[in-house]
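The values are calculated or read from the model by the stated rules, or taken from the named source; none is laboratory data. Values in this document were obtained by computation on a predicted structure and should not be read as measured data. Cβ sites come from the backbone with ideal geometry, for glycine too, and all protein chains shown count toward neighbours. Please note that ligands, DNA and RNA were not included when accessible areas were found on the heavy atoms of the full protein model with its side chains. Shrake-Rupley method; radii C 1.70, N 1.55, O 1.52, S 1.80 Å.
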Amino acid sequence: MLENAINIKKYEYLQIDDVRSVLKIFENMDLSANNLEVSEWAEKNRVLPKELTPMPGRWNNKRFPYLVEIMDCFSKYSEVEKVVFMKGSQIGATTGILENILGYTIDYNPSAMMYVTSTDKASAASIDLRVDRLIHSAGMKDKIFSQVKKKHNKNTGDTRSKKEFAGGYLLSGGANSVDFLQSVSINILLLDEIDRYKDELKGHGSPITLAEARTNVFSKTRKILYISTPTLKSHSKIEELFLKGDQRYYYVPCPECNHFQKLEFVNLIWEVDDNNRLVEDSVYYRCEKCHAKIKNYQKDYMLPNGRWQVTSQELVNDLRSYHLSALYSPNGVFSWEKLAQEYLFAKSDYSKMRAFYNGFLGESWDDRGKAPEYEKLMLKNRRNYQLEVVPEGTLLLTLGVDVQEDRLELELVAWLKNKVSYSLAYKVFNCENIGGTLNDNFNPRNLAWQELEKYILKSFYNQDRSKEYKIDITLIDAGFATNSVYEFCKRFLYGVYPIKGVNYLKNYQTFIDMSSKYYDTKKLDIKRFDISTDVLKDELYSYLKRDLDDIGEIPVGYCFFPYQYDEKYFRMLTSEEKKEIINKTTGQVKYTYHLPYKTRNEALDTRVYNLAAIYIWKYLTGTAHLTWQDFWENLAKFRGQ
């Protein structure tokens, strides 16, 4: 560090004969002003505005001690070149890492910088909300000005896309802009929320690679930060980089036994009341060694005494990678009680659970759709119960129908609270010789359609036949024999709807009501739903992989099947897996479910339709705004349970 701080050539005129002479030189020099760390600069200069933080006022490293090592990697004389930070929310990362590095560089270590967000729009918002306020609150407004005189004295040195200051500049833009990413050479590169970047920019490659190339001129002094909340495991850029680094975790001491450990969500313990509501006083963290019950306020001791610990040999030389979850959020910012509450809020909703893992735990969500092992399903999920007998606690009956050329295959499913399901029947209605095959010319005399109509109208009963049940909603695949399916569904006033499986829906939507669009549904005067089969298969496979816990508690989405279902059924249910597909033109990687050649999947399709049915029924009954927990509780009250 001292070698970097001192230009030795300045002292060549001194005839240094021994080590004492060198030490004498250092003793007479004041290095403190020339070796300010980012964390020291922050405490000296940062004032946090109350609009952007629950803890306004002067920055205090003691409040976020785990950020000190990371931000100091970007100090003037640090030899660290690349840093990866895979993070959850509520830990002060944006303020403590990105903003402090920006402020330090502008005020103390002027350099050419580039700040990249997912889009130009996101970049502009970040500049307005954070960077401009940082510059103002740290008293650096007078340092931002154009370094070159322009015609008409036009101010070009302080814009959303460019901040100029003596000795350097900050360029800000989106990872979606090739022109921006190929603009100029820079020394410091800050890549924010990289999991939101496109995989490829058409004809130009990865936006991350394009941005990294801007630093090649400064290969010996450059610094690059990759920071993001992870998204999907199948193509999480931040997780891929994290695993290539030395994988540092923050270890904190137990207040009771002083054992150092990284905080993991599995060790956060709580109780719920009879209504499944969190008992806040019950929340504690269990020490992995002495099993002490650690309360949230004790983080005031644990965090300042923690330390980063390397857990792996990096695959890329000198790549530091850090991980931190919301479990480390300081006392007064985000508590363990709030984290437990967020989990309870999300646990019955697949998309919310994904957001919980990504946003709070800082972990990627495994969406790769690896099929469960059918043998294991047969052992752990089958039970001895009668077919078509409705179990106690049933709140909905749904029917999913798959249409083939010569038959209909269908599954009847009973749904209990928290998406717990019982398969009550799996049937095949063959066309045989009456009415020929199933095609677009609807024939009500076709035996398969006749049998289906009878089944939809059939009554079902519980074990002692004290309660009568009707099928609440039926979904029929209209991908084949479309017009026939439409005509069949029109025979019912409500509750029977055609569907088509699609993969164009965004943001993990499970379905869309096509009657709200000008498609053939308007011409046919029928309500049709398009369902996102990949999203629903992700959810279904996650449920099939779940196990009962040690005390037999049934997890959300657990699926029960009768002993009568054989190996053939479970092979169909687990027939598909996600495969990687690369666009040959753009190079973009996508994952979609693939069915091996000559493999049957009707059992999987019908179960997916049944899962879609509860989402659609929730929508049709005007309860889509409710959480799943409230939905099931309200439905139980309506059913008198």
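Extension gain, residue 567 to residue 119, is 156.3 nm, computed as 0.36 nm per intervening residue step minus the present C-alpha separation.
For 63, 354, give the ranking by accessible area with the largest first, probe 1.4 Å. The partial results should precede the final answer.
Details: 63 75, 354 50 Å².
In descending accessible area the options line up as 63, 354.
How large, in percent, is the carbon and sulfur part of the accessible surface of the chain at a probe radius of 1.4 Å? Please report the intermediate quantities before stating the final value.
Details: 14970 of 31180 Å².
The nonpolar share, carbon plus sulfur, comes to 48 percent.
Over the chain, average the accessible area per residue using a 1.4 Å probe and give it in Å², no decimals. Normalised by residue count, the accessible surface of the chain is 49 Å². A Förster radius of 45 Å, combined with the Cβ-Cβ distance separating residue 637 from residue 592, puts the computed FRET efficiency at roughly 0.65. Net charge near residue 237: determine it from the other residues with C-beta under 13 Å of the C-beta of residue 237, scoring Lys and Arg +1 and Asp and Glu -1. Residues near residue 237 contribute -4 overall. Using a 7 Å offset from the Cα along the Cα-to-Cβ direction at both residue 553 and residue 293, what is the distance between the two label points in nm, to one decimal? The answer from the label model is 1.6 nm. Taking the alpha-carbon centroid of each part, what is the distance from segment 29-108 to segment 400-419 in angstrom? Taking the Cα centre of each part, segment 29-108 and segment 400-419 sit 56 Å apart. The Cβ shell under 15 Å around residue 295 holds other residues with a net charge of -2, Lys and Arg each +1, Asp and Glu each -1. The angle separating the long axis of helix 447-457 from the principal Cα axis of greatest extent in the chain is about 80 degrees.
Local charge for residue 493 was computed over the other residues whose Cβ lies under 15 Å away, with Lys and Arg +1 and Asp and Glu -1, and equals 0. A cysteine counts as unpartnered when no other cysteine's C-beta lies under 4.7 Å of its own; in the chain this applies to 73, 431, 489, 559. Here the gap between residue 286 and residue 183, fully extended at 0.36 nm per residue and compared with their Cα-Cα distance, gives a gain of 32.0 nm.
So which of 427/470; 76/223; 458/527; 198/590 end up more than 19 Å apart, counting from Cα to Cα? Among 427/470; 76/223; 458/527; 198/590, the Cα-Cα distance tops 19 Å for 458/527.
Dividing the summed helix terms, -39500 (n - 2.57) for each DSSP H run of n ≥ 4, by the number of residues in the chain produces a 222 nm estimate of -7000 deg cm²/dmol to the nearest 500.
The C-alpha atoms of the chain define a longest principal axis, and helix 628-638 lies at about 30 degrees to it. Compute the helix-to-body angle for 350-359: its Cα long axis versus the longest principal axis of the chain, expressed 0 to 90° and rounded to tens. With rounding to tens, the tilt is 10 degrees. When only alpha carbons are used to place a centre, segment 180-204 and segment 302-334 end up 25 Å from one another.
With contacts taken as Cα pairs under 8 Å at a separation of at least 6 residues, the chain carries a relative contact order of 12 percent.
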